[in-house]
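What follows is a set of notes on a single structure, which appears directly below.
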Amino acid sequence: MSGSTVTATHQLSCAPSRAARELGLKRSEFDLAVHLGHIWTVPDEGGGGRRVTRSELDRLRTEDGFPEALQERVRVVGTTEGAAVMDVPVSRFTRLARLGVVAPVRFYLNRYRAVVWLYLAEELRQFAADEENSSLLNARRTPEGMRDLLDAGLDLRARNWRGRHREFLLRVADGPWESAGALAAFLDPVQISEIVPDPYERSHLLRFRPGPPAQGAQGSPAAYLAERIMTADDPDEISRLRTDLTRTLEDARRLRPAPRPAAKQAPPVPEQSATSEPPYATSVPPSRGLLGWLRRKSA
């Protein structure tokens, strides 16, 4: 691609940091808005990541209530504030989150390496405003069936977060291998090796496999915990991911096979004619040539 084309593309779009400033968002809020599909990005044709087009910025700036409305759509709250938004005790909010009734959209690790789940305030308000949910919010006790699940250790917060994050990764995938990498991001290496036994194909797939959200230096306890949250651990979830990955890989192989090293060919062996003589052969056999030499010496 010519430099002029790349320059023209950059003039019609801007980097995420610039787009966040123009939209009145913090960078974390901008990233979340992209994850949720509120802001559309395009690949950087120069290979520098994703960018936001000027037309997309203009669309967002002309929406009603900009920028406050956009800021409110990406406002996140923790457990205590989330309980206040829904007007329920913190203990009930935690139970509802563990049951998967409300789903986290982000997480981080505090200084004690405890997982802090974050929820969209807008979603919590909508849930609380729905009259069909009043029994869950106002009942004196959690229904018996739900209580049994909680007593058995059910906690769907990590799984629900993975589902939302997977949707985002698939939405920004630019091709079949990128989509396959997005699905592989939630499977452990053993699962991936079983599904993709070919080493060249597996190496190509791992190029497109995103890691978990940054939560500390690579190899640190925080990074290890983030990787655990990223990796599916429920049998039903794993089975679905394996099925989706297998199907997506079939499309990827058909449309763009994984690269392989060129096969090395042995140098050609020169052919010899059946009538040709070895390089050491002479027109006179060695024994007869020696007899002739002895006769000349004795003459």
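Data for the structure
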{"item": "Mean Cβ count within 10 Å, highest first, over the residues of peptides 136-145, 20-29", "result": "20-29, 136-145"}
{"item": "Whole-angstrom gap from the stretch 159-182 to the stretch 37-64, using each part's C-alpha centre", "result": "19"}
{"item": "For the stretch 46-139: Kirkwood Rh in Å [reciprocal of mean 1/r, alpha carbons]", "result": "15.5"}
{"item": "Dipole of the stretch 163-225 [Lys/Arg +1, Asp/Glu -1 at C-beta], most positive-end residue of 177, 213, 192", "result": "213"}
{"item": "Residue 28-residue 218 pseudo-label distance in nm [points 7 Å out on the Cα-to-Cβ vector]", "result": "2.5"}
{"item": "Volume of the Cα convex hull of the stretch 191-235, divided per residue and given in Å³", "result": "90"}
{"item": "R0 of 41 Å, Cβ-Cβ distance residue 155-residue 62: FRET efficiency to nearest 0.05", "result": "0.45"}
{"item": "Rounded D (µm²/s) - the stretch 148-211, Kirkwood Rh over Cα pairs, Stokes-Einstein at 25 °C, 0.890 mPa s", "result": "188"}
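Read-outs: derived from the displayed coordinates by stated rules, not from any lab. This is a predicted model, so every value here is computed, not measured. Positions of Cβ are backbone-derived with ideal geometry, glycine not excepted, and every protein chain shown enters the neighbour counts.
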